[in-house]
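Enquirer: I have a structure I would like to understand better, so I am pasting it below and will then ask my questions one at a time.
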Amino acid sequence: MKTIALTGSIGMGKSTVAAMFADLGAPVWDADAAVHRLYAPGGAGVAPVLARFPEAAAADAPPSVDREKLSACVLNDPAALKDLEVIVHPLVALDRATVSDAAEQDGAPACVFDIPLLFEGGLETFFDVVVVVSAPADVQRARVLARPGMTAEKFEAIKARQTPDADKRARADHVVDTGAPLDETRRQVAEIWAAVTR
């Protein structure tokens, strides 16, 4: 089974492209969704995260992690962020392996792994194929600033922590341009899926 890493900076249309792969029959694992599962009531990340960051507990019972409170705990504290990564990264990797094993047992020709911080985490070498989702800078900016609660300052801060789009494109096996109409993006995705699974 081939493994496809799908990545792209904020506002590039990665979720849309992941859904297009799923429409073609690809099993898709989503890093953000995995973290949501870990932080939800009963999730494997709740006890270890709250042991280190008790102030990140959600108000409701049973215990869960409030992502906004947790984000505030690590925002300007590199040491705290490192502590969080040490707790969460192995749990996310385990979740990813579980989905990958299930896809392989089901006989899937390939599995897509939606990982926003692929290059930032140095994970690209673990996958057979890297697909980068990209769009023109003005399209990206307009999409992100249309999100609830987003400001230009917040957008720039997020972008500063991400590998530049040009670098991602240069390191990709395939680039999907989402600045084009949806049908064109869908055609690009279908071509990549066919090339990887043939």
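Enquirer: Taking segment 159-198 as the search range and keeping residues that are in a loop (DSSP other than H, G, I, E, B) and open to solvent by 80 Å² or more (accessible area, probe 1.4 Å), which one is farthest from PRO109 (Cα to Cα)?
Expert: Here the residue is ARG161.
Enquirer: Of the residues that sit in segment 25-38 and are open to solvent by 50 Å² or more (accessible area, probe 1.4 Å) and out of contact with any Lys or Arg (no Cβ under 9 Å at 6 or more places or on another chain), which one is farthest from HIS174 (Cα to Cα)?
Expert: ARG37
Enquirer: Need pairs with beta-carbon distance below 8 Å; first residue touching a residue at least 60 places away in the same chain (Cβ under 8 Å) and closer than 17 Å to ALA110 by Cα and within segment 122-147, second open to solvent by 80 Å² or more (accessible area, probe 1.4 Å) and acidic (Asp, Glu); sequence gap 6+ or separate chains.
Expert: Hits for this filter: VAL129/ASP173; VAL130/ASP173; VAL131/ASP173.
Enquirer: Something else: Looking for whichever is touching a Gly at 6+ places or on another chain (Cβ under 8 Å), within 30 Å of GLN188 (Cβ to Cβ) and part of a helix (DSSP H, G or I) here; the options are VAL88, VAL35, VAL92. Which one fits?
Expert: Just a single option satisfies the conditions, and that option is VAL35.
Enquirer: Name every residue in segment 119-146 that is of a type in the set (Val, Ile, Thr), touching a Gly at 6+ places or on another chain (Cβ under 6 Å) and part of a helix (DSSP H, G or I), in order of residue number.
Expert: VAL139, VAL144
Enquirer: Something else now. Among (1) farther than 19 Å from ALA33 by Cα; (2) surrounded by 15 or more Cβ atoms within 10 Å (Cβ to Cβ), there is one condition ALA72 misses while meeting the rest; what is its number?
Expert: Exception for ALA72: condition (2).
Enquirer: Another one. Among the candidates ALA5, ALA18, ALA57, ALA26, which residue alone is among the small types (Gly, Ala, Ser) and more than 30 Å from LEU182 (Cα to Cα)?
Expert: ALA57
Enquirer: Tell me, yes or no, whether segment 113-134 has at least one residue that is surrounded by 13 or more Cβ atoms within 10 Å (Cβ to Cβ), at pLDDT below 95, out of contact with any Leu (no Cβ under 9 Å at 6 or more places or on another chain) and under 19 Å from THR16 (Cβ atoms).
Expert: yes
The values are calculated or read from the model by the stated rules, or taken from the named source; none is laboratory data. Worth saying up front: this structure is predicted, and the values here are computed from it rather than measured. Every residue, glycine as well, gets a Cβ built from its backbone with ideal geometry; the counts of neighbours run over all protein chains shown. Accessible surface is based on the protein model in full, side chains and every heavy atom, while ligands, DNA and RNA are left aside. Shrake-Rupley method; radii C 1.70, N 1.55, O 1.52, S 1.80 Å.
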